[in-house]
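The values are calculated or read from the model by the stated rules, or taken from the named source; none is laboratory data. Since the model is a prediction, treat every value here as computed from it, not as a measurement. Here the Cβ positions follow ideal geometry from the backbone for every residue, glycine too, while neighbour counts run over all protein chains shown. Note: areas computed on protein heavy atoms with side chains; ligands, DNA, RNA excluded. Shrake-Rupley method; radii C 1.70, N 1.55, O 1.52, S 1.80 Å.
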Amino acid sequence: MRIATWNVNSVNARLPTVLAWLEQAAPDVACFQEIKCVDEKFPREAFESLGYNVETHGQKSYNGVALLSKHPLSDIRRGLPGDETDEQARYLEAVVEAPRPIRVASIYLPNGNPIGTEKFDYKLAWFERLNRHARDLLAFEEPLALCGDYNVIPEPEDAKNHAAWTDDALFQPQSRRAFRALKNLGLADAHEVANEPAGTYSFWDYQAGAWQRNHGIRIDFALLSPQAADRLRGIETHREAREMDKPSDHVPVVVDLDLSAGSEG
């Protein structure tokens, strides 16, 4: 099974690009972030015509996440538990009813800038809520993939020029510590498990020639439960998507899992 995660940075503004990539890469499951539209405005028919079942958790103009799957989706959860007052659409979870089911979440973690404001506090509180929910999910001891834009640069090598991010919420010690705590629950970063090369980035800003100078960062992740990590067969970061027409500032990250019987190890 191929599971992709991609911050598309407005699905309607980049629909031809997103559809072209989907047709070429043909993932079984796609997790989108920053769809930037309410559920009713999501172009679901375009994706259904490619054979995908579609679930969305949208919001006008901002945020929003989606799950596309060539298998049926069940046990849908819209929104991260732990704060009933949170109106930001950043979390969508479902069970992919493949022959060997897997639970998948599309995650758009808060940016948190500027630091020292309520936005940074919200980021850290959201991280803590995600930690608690992930702990509950791991108790099921099932294949699980928590995929998305985590808005964190875990290590200096995950940035071309980490010094440029010293004052950014993505590289603060608190953000990095929260990400490590999440992984320490027992989640594996597919990038590390599959030994993806250093210098593999998933985001380049539109400004200051970041793409042309390869001033990228790695902030898009597939975090896997032990039952999914044991079945990981590869990872691809689709850098070429940054050169497509009207590209997102992120590129897709795709993991391949062998979910056939007896595929552990």
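So here's what we get for this one:
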item: Accessible surface, 1.4 Å probe, highest first, among residues I3, I76; result: I76, I3
item: Helical contribution to [θ] at 222 nm, DSSP H n ≥ 4, -39,500 (n - 2.57), averaged over the chain, rounded to 500; result: -6000 deg cm²/dmol
item: Loop GluC sites (Glu not before Pro), region 134-214 (other Cβ atoms within 10 Å of the site Cβ: 14 or fewer; DSSP); result: E141
item: Extension gain from R132 to K183, taking 0.36 nm per residue of separation minus the Cα-Cα distance; result: 17.1 nm
item: 22 Å Cα cut-off, lysine pairs counted over the chain (separation 8 or more, or different chains); result: 11
item: Hull shadow area, averaged, region 102-161 [alpha-carbon convex hull, nm²]; result: 5.1 nm²
item: GNM flexibility winner over the chain from L22, L170, L223 (Cα, springs under 10 Å); result: L22
item: For region 144-242: rounded, prolate or oblate by the Cα gyration tensor [a/c cutoff 1.5]; result: oblate
item: Normalised convex hull volume, the chain, alpha-carbon set, Å³ per residue; result: 119 Å³
item: Centre separation in Å (Cα based) which lies between region 117-151 and region 184-249; result: 18 Å
